[in-house]
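Take a look at the structure below.
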Amino acid sequence: MSTYAWIGLGNMGGPMTANLVNAGHTVRGYDLNPQACTAAAETGVQISDSIAHAMAGADAVFTMLPKGEHVRAVYEAQDGGWANATAQMLLLDSSTVDTESSRTLHDEATARGLSFVDAPVSGGISGAADATLAFMLGGAPELMERAQELISPMSGKIIVAGVPTSGIAAKICNNMMLFIDLMASAEGSQLADKLGLDPKVFWEIASVSSGRSWAQQTWYPVPDVIATAAANNNFEATFRVDLARKDVGLALDAGVMTGLDLPAAALASEHFDRLIDEGLGDKDCSLIVKNLVPDGKVRGYTPTNTVPAGK
Ligand code: NAD
């Protein structure tokens, strides 16, 4: 059995750590949000009041944080990750970050004689809860066996993508495809509705037809069709709008860096920006359906009080 330090107990970190505890491992978790800590404690995570306490004597240190800047801040903090890491620990970042942040983390770890792997995930909170996440790993070949052992209680599939930052590069490409697929499901679902189709029947047809996708299977943005959809729950986040915007932005930045034109990704980012401007950055990314109707009224969504961005 291993001891894990886990920084970031949110929508993903919460269920992922619960699976480690269920597999018999010790997990010491740290998060700035008291509610996330309380929820994780209920699943058997031991809550630490500092990064140092969470990391003391750990075999593995996972970060599952919103953005690259948060992961770098955790490592660079006084008495943070770099100050408390030892050569015996494997450091794994499962957040979706920019390749530059990941490169910096790898380089800093190497300079300190530490072992670091970029280990982003795909599968959403349902994959996190069911321990079926796909992990994509980037790092030195000699670290991969140990990384896979530590990851396996949370995962359905682990693929070694290659050298440092390969995991995050794969993740950025994958998520760009996901959010383009989400636009297709959003438009298809609303058009089917307007054409008078029964949503469940249409969803079944798309599921065995060429409209099928992970977004359509898991996030279909109409209430009472599939259990995993945020549309059943007033579009409370399973994957926040602002994190989706971040991921598409990472792909667009990579497009600029490599000289690629990515018009569908640019359109997805416009959708998310509209919601963020309306103060809806913390809702589920499938709420882009709201952008398709002039009055913003869609089934499954009742507006609550929001503060538009910049107000
Ligand atoms: P989240 O916002 O639900 O959770 C992030 C947690 O990090 C929050 O609880 C927050 O309080 C905590 N945090 C932020 N800064 C911190 C700090 N300095 N120290 C300690 N805790 C801090 O986000 P999430 O949905 O769990 O996503 C986490 C990462 O996983 C993101 O990079 C996201 O893009 C990626 N991801 C999310 C999904 C998904 O479906 N939600 C799927 C795959 C990957």
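The values are calculated or read from the model by the stated rules, or taken from the named source; none is laboratory data. Since the structure is predicted, the reported quantities are computational estimates derived from the model, not experimental observations. Heads up, the Cβs are rebuilt from the backbone with ideal geometry, glycines too, and the neighbour counts pull from every protein chain shown. Please note that ligands, DNA and RNA were not included when accessible areas were found on the heavy atoms of the full protein model with its side chains. Shrake-Rupley method; radii C 1.70, N 1.55, O 1.52, S 1.80 Å.
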Inset, instruction - Find the accessible area per residue for the range 1-128; the probe is 1.4 Å, ligands and nucleic acids are left out, and the unit is Å². - result: 40 Å²
Legend entry - the chain, helix-only ellipticity at 222 nm - DSSP H runs n ≥ 4, -39,500 (n - 2.57), divided by all residues, nearest 500: -13500 deg cm²/dmol
Inset, instruction - Taking only Cα atoms and a 10 Å spring cutoff, compute GNM fluctuations for the chain and point out the largest among A266, A18, A60. - result: A266
Inset, instruction - Could you look at the range 174-311 and say what percent of its accessible area is carbon and sulfur, using a 1.4 Å probe and all protein chains? - result: 56 percent
Legend entry - Binned Cα-Cα distances of the range 195-311, short to long, each 10 Å bin given as a whole percent: 13, 39, 34, 13, 1
Inset, instruction - Treat every Asp and Glu Cβ in the range 177-305 as -1 and every Lys and Arg Cβ as +1, leave all other atoms uncharged, and give the resulting dipole magnitude about the Cα centre to the nearest 20 debye. - result: 220 debye
Inset, instruction - In whole angstrom, note down how far apart the Cα centers of the range 16-37 and the range 83-142 are. - result: 17 Å
Legend entry - For V117, distant residues with modelled amide H under 5 Å away: L91, L92, D93
Legend entry - Per-selection Rg to Rh, the range 153-246 - Cα, Kirkwood hydrodynamic radius: 1.04
Inset, instruction - Largest first and to the nearest Å, give the Cα extent of the chain along each principal axis. - result: 61, 47, 44
Inset, instruction - Would you kindly work out the equivalent ellipsoid of the range 247-298 from its C-alpha gyration tensor and give its semi-axes, the square roots of five times the eigenvalues, largest first in whole Å? - result: 25, 11, 7
Inset, instruction - Evaluate Rg over Rh across the range 10-97, taking Cα atoms for both radii and Kirkwood's formula for Rh. - result: 0.93
Inset, instruction - Round to a whole angstrom and tell me the spacing of the C-alpha centers of the range 172-206 and the range 227-241. - result: 15 Å
Legend entry - Cross-link partners of K297 among lysines (Cα-Cα below 16 Å; sequence separation of 8 or more within a chain): K194, K283
Inset, instruction - Quote the FRET efficiency, to the nearest 0.05, computed for E204 versus N33 with a Förster distance R0 of 41 Å and r equal to the Cβ-Cβ distance. - result: 0.60
Inset, instruction - Using the Cα centre as the reference, give the magnitude of the dipole from point charges on the C-beta atoms of the chain (Lys, Arg: +1; Asp, Glu: -1; all else neutral), rounded to the nearest 20 debye. - result: 360 debye
Inset, instruction - Take the alpha carbon atoms of the range 39-193, find their radius of gyration, then divide it by 2.2 N^0.38 Å using N residues; give the quotient. - result: 1.12
Inset, instruction - Find which of N11, A41, A227 sits farthest along the positive direction of the dipole of the chain, computed with +1 on the beta-carbon of Lys and Arg, -1 on that of Asp and Glu, about the Cα centre. - result: A227
